[in-house]
Amino acid sequence: MKKFLFLLFSALTLALSAQNRNFSKKPVNITGLILDQDTNKPLEYATVAFFSPRLQKIVTGGITDKNGKFAIEVDAGVYDVSIEFISFKTKKLPRQKLFKNTNLGTITLGLDTETLDDVVVIAEKTTVEIKLDKKIYNVGKDLTVSGGTVSDVLDNVPSVSVDVEGNVALRGNDNVRILINGKPSGLVGLNSTDALRQLPAESIERVEVITSPSARYDAEGTAGILNIILRRSKLQGMNGAITVNGGYPLSAGISGNLNYRSGDFNFFTTSGYNYREVPGNSFSQTQYLFSGLPNSFLREERDFDRIRKGLNSNIGVEWYINETSSVTTSFLYRSSDKESNTTNRITELNSNGSILNQNIRFDPEIEDDITKQYSFNYTKDFNTSGHKLTFDFQIEDSNEDERSKITQENITAIELVETLEEQNRILLQADYVLPIGENTQFELGYRGNFNDLDTDYLVQLEDNGSITTNSDLSNTLLYTEQVNAGYTQLGSKWGKLSYLLGLRMESTRITIDQQTSNDLNKKNYTDIFPTINLGYEISKKQSLTLGYNRRIRRPRSRFINPFPSRSSATNLFQGNPDLDPSYSNAFDLGYLNRMGKLTLNTSIYYNHATQIFTFIAEDTGDTTIIGADENNLGTEVPVIRRTPINLTSSDRYGFEFTLTYNPSRKWRVNGNFNAFQNSVRGENNGENLDADNFSWFARLNNKVTLPAKIDWQTSMFYRGPSENAQTKSDGIFSMNFAFSKDLFKEKASITFNVSDVFNSRKRISTSTTTTFISDNEFQWRERSFNLSFTYRFNQKKKRQRPQRGINGDEEFEG
């Protein structure tokens with residue numbers, strides 16, 4: 001099947017090539033010189049753009065070299081040529097007839113003194129851009145994440161939080177759909193948490209926070225969607241940036257984004273390698289309340305010594321077949337080698353604190369992950385601006401192998417655990433956009449997601465050279481998910497009112513086959529997902545938005561995987577294959593006001609969900625022996641399991657605001673506050689699990705330019721206390737800071753940052769059930785220091801105001 005699809009789309013590419021070859025125009029070479037009119041000095045990195053009046057978009061562009069010269073290849077035709085440089089007035093050369101190699105001569109630009117202050121703000125790039133169905137945050141100059149990972153970047157985006165285990169949440173809701181460049185990606189892989197911790201932060205251009213997704217997007221993700229856009233340029237010639245970094249605990253890495261455009265071809269790559277040592281720790285103390293172990297305590301201390309080695313590379317080429325058609329193909333390779341040595345010390349104490357028994361359990365785990373992904377995109381732009389057809393095909397293969405060899409003090413038997421996962425995914429997508437008049441746009445599309453996941457779980461016991469298989473724990477799970485979706489949406493603008501109305505239908509077929517236990521579970525359902533997004537422009541500086549959407553949350557593989565974790569003998573995690581999907585209806589009312597140097601962006605939201613997922617702790621009914629000696633004498637204690645279940649419903653409503661204040665060109669402050677109330681209703685095995693929880697989090701970023709042009713940035717974050725029916729969690733405070741200095745006329749930067757300055761990023765909680773009380777503390781990563789160096793060639797550090805159409809993003813903005 002894979003070979004057939006690959007050959008089919010390869011043939012399609014060749015057919016499109018043959019069809020359009022005769023329509024290509026002969027390229028011509030356009031040259032010129034850009035100077036400062038006051039000093040007559042050359043302007044390096046000035047931008048030259050070629051706008052086609054017929055196509056109503058910028059078709060190509062380039063930048064000047066250190067001598068102010070440019071040489072750009074463009075298809076023969078008539079163009080409006082614009083020349084721009086930060087803090088200078090833009091110059092336009094209208095209706096240039098470029099049918100042969102042409103020298104535009106010397107072009108001078110004058111300083112724009114009236115907008116100089118504004119230009120500096122633009123160079124920093126506005127913190128937030130508001131569109132009808134999303135908010136866009138540029139993260140290109142966030143110093144505190146330099147040399148870090150994508151997970152660090154997301155933790156600095158307003159409305160987004162990342163807990164100590166790396167789980168991403170949007171407005172406090174952890175069911176977030178993460179996309180790369182608008183599509184599911186192998187960069188996220190089988191385990192999105194681990195993958196996000198390995199991708200370099202420097203590979204990100206911006207993050208789109210979509211709290212009210214339009215019908216174009218998958219209905220998956222009740223909290224919304226985070227769309228991560230990777231860096232890529234379409235300027236002529238070679239340009240890019242390379243970053244090297246190192247730190248303590250020991251870490252080292254190199255990453256880069258390179259682009260080379262020549263004529264009708266644009267070659268691009270985003271690649272990186274990193275090595276990180278990630279020490280962590282956890283602590284728990286459990287008091288048992290039943291008669292078998294009256295007033296006894298079990299203390300468990302775990303130390304995690306982790307090594308992460310990751311290589312990722314996304315290589316591709318864009319081919320501009322003619323003025324209206326292009327093909328993009330890319331290949332992604334991601335390899336991750338992990339070592340995790342977990343030392344688990346278990347101590348049994350009586351009510352007086354005296355030690356009754358002790359036991360040490362050592363779990364060295366080795367994990368190898370490899371993901372390969374091939375992507376194909378065809379885009380056809382018709383003569384009318386915004387009228388286009390796109391087609392996407394994507395095929396992905398992921399393998400994740402985990403192997404552990406667990407030993408316990410005073411026990412000769414060794415526990416061998418092996419988990420082998422193989423996932424195959426295919427994506428088919430087609431989108432058609434038709435403008436109707438000047439302000440209306442109709443859209444129609446299809447998407448098919450086909451996912452096969454095969455998990456083999458093997459637990460064996462090795463004793464005196466003899467190996468036996470634990471048939472109660474060993475299992476094979478085959479998971480198949482097929483989602484076919486069709487959507488349509490209509491957007492328009494009437495005066496100050498904009499709207500985007502959509503309807504999406506998704507048909508889902510899921511098969512969960514536990515082969516070892518002969519347990520087969522099939523689920524088929526078809527659902528309708530309406531979306532409504534409204535916008536009203538009160539004035540040029542004020543606007544209101546109102547959004548409604550229905551969403552779904554399907555259990556991911558970790559939630560349904562019935563294989564228990566084995567790093568602890570007394571506390572384990574186990575999935576639940578009987579989980580049903582959860583549905584939500586969400587409303588969002590937003591307000592934006594730009595008041596000079598202050599920008600306010602605020603919203604009120606409400607989300608009602610049914611069949612919600614929640615995690616509970618329960619007694620498994622099994623026991624294990626701790627403190628055993630060579631005669632297997634010790635204390636028998638119960639095994640506690642943490643597992644997800646469905647509850648009846650939840651009602652989440654909240655309020656958030658983001659403030660951006662720029663008192664001067666050298667000082668910028670950004671603050672975000674989010675408060676929400678979550679009421680959960682439901683029961684499990686006769687136990688009432690109703691819970692009402694009020695929580696909040698706040699983030700403050702402060703950036704100041706010190707003397708000698710040294711940038712100093714501080715980021716502080718606090719998540720308030722929270723609770724559910726069984727667990728109360730304390731608040732968490734953390735702070736990062738960084739210093740950065742530009743070198744070599746802003747072609748390079750050196751940055752030093754400290755993550756979690758006070759080493760306080762820890763989850764502290766207490767769980768209470770009818771059979772036990774457990775106090776827990778967990779720290780995934782300890783305080784770290786990092787030094788990074790970035791060098792840019794033919795790339796400007798400061799970015800200019802984005803122009804309509806230059807990035808090919810024709811998504812309706814109202």
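Bear in mind that the values in this text are calculations on the coordinates, not laboratory data. A quick note: this is a predicted structure, and the numbers were derived from the prediction, not measured. Quick reminder, even Gly has a Cβ in these numbers, built from the backbone with ideal geometry, and neighbours come from all protein chains shown.
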Magnitude of the charge dipole, the stretch 237-793, Cβ model with Lys/Arg +1 and Asp/Glu -1, debye to 20: 3660
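Could you line up Leu501, Leu579 from fewest to most neighbouring Cβ atoms inside 10 Å? The partial results should precede the final answer.
Working: Leu501 16, Leu579 21.
Final ranking by Cβ density, sparse to dense: Leu501, Leu579.
Please compute, over every Cα-Cα pair in the stretch 400-545, the percentage with a separation greater than 25 angstrom.
Numbers: 6135 of 10585 pairs.
The answer is 58 percent, as a whole percent.
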Average Cα contact separation per residue, the stretch 237-793, under 8 Å, 6 or more apart, as relative contact order %: 10
Separation between Cα centres of the stretch 555-605 and the stretch 206-220, rounded to whole Å: 14
Answer in debye to the nearest 20: the dipole magnitude of the stretch 350-424 about its Cα centre, from +1 Lys/Arg and -1 Asp/Glu charges placed on Cβ, is 320
With the cut-off at 29 Å, tell me which of the pairs Lys26/Lys747; Lys91/Lys134; Lys540/Lys709; Lys57/Lys597; Lys309/Lys762; Lys26/Lys380 have Cα atoms farther apart than that. Lys26/Lys747; Lys91/Lys134; Lys540/Lys709; Lys57/Lys597
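Within the stretch 694-763, report the chymotrypsin sites (Phe, Trp or Tyr not before Pro) that DSSP leaves as loop and that have at most 14 other Cβ atoms within 10 Å. Before the final figure, lay out the partial values.
Numbers: sites: Phe694, Trp696, Phe697, Trp712, Phe717, Tyr718, Phe733, Phe737, Phe739, Phe744, Phe752, Phe758; in loops: Phe744, Phe758.
Sparse-neighbourhood loop chymotrypsin sites (Phe, Trp or Tyr not before Pro): Phe744, Phe758.
For Asp38, Asp775, Asp363, what ranking results if the residue with the fewest other Cβ atoms within 10 Å of its Cβ goes first?
Working: Asp38 11, Asp775 15, Asp363 23.
By the 10 Å Cβ count, ascending: Asp38, Asp775, Asp363.
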Cβ density ranking, 10 Å radius, fewest first, applied to Ile528, Ile512 yields Ile528, Ile512
When only DSSP loop residues count, what trypsin sites (Lys or Arg not before Pro) in the stretch 688-774 have their Cβ near at most 11 other Cβ atoms within 10 Å? Lys745
For the stretch 237-793, shape from the Cα gyration tensor axes a ≥ b ≥ c, cut at a/c of 1.5 then a/b versus b/c, turns out prolate
What is the distance, in nm, between label points placed 7 Å from the Cα along the Cα-to-Cβ direction at Ser385 and at Thr106? 3.5
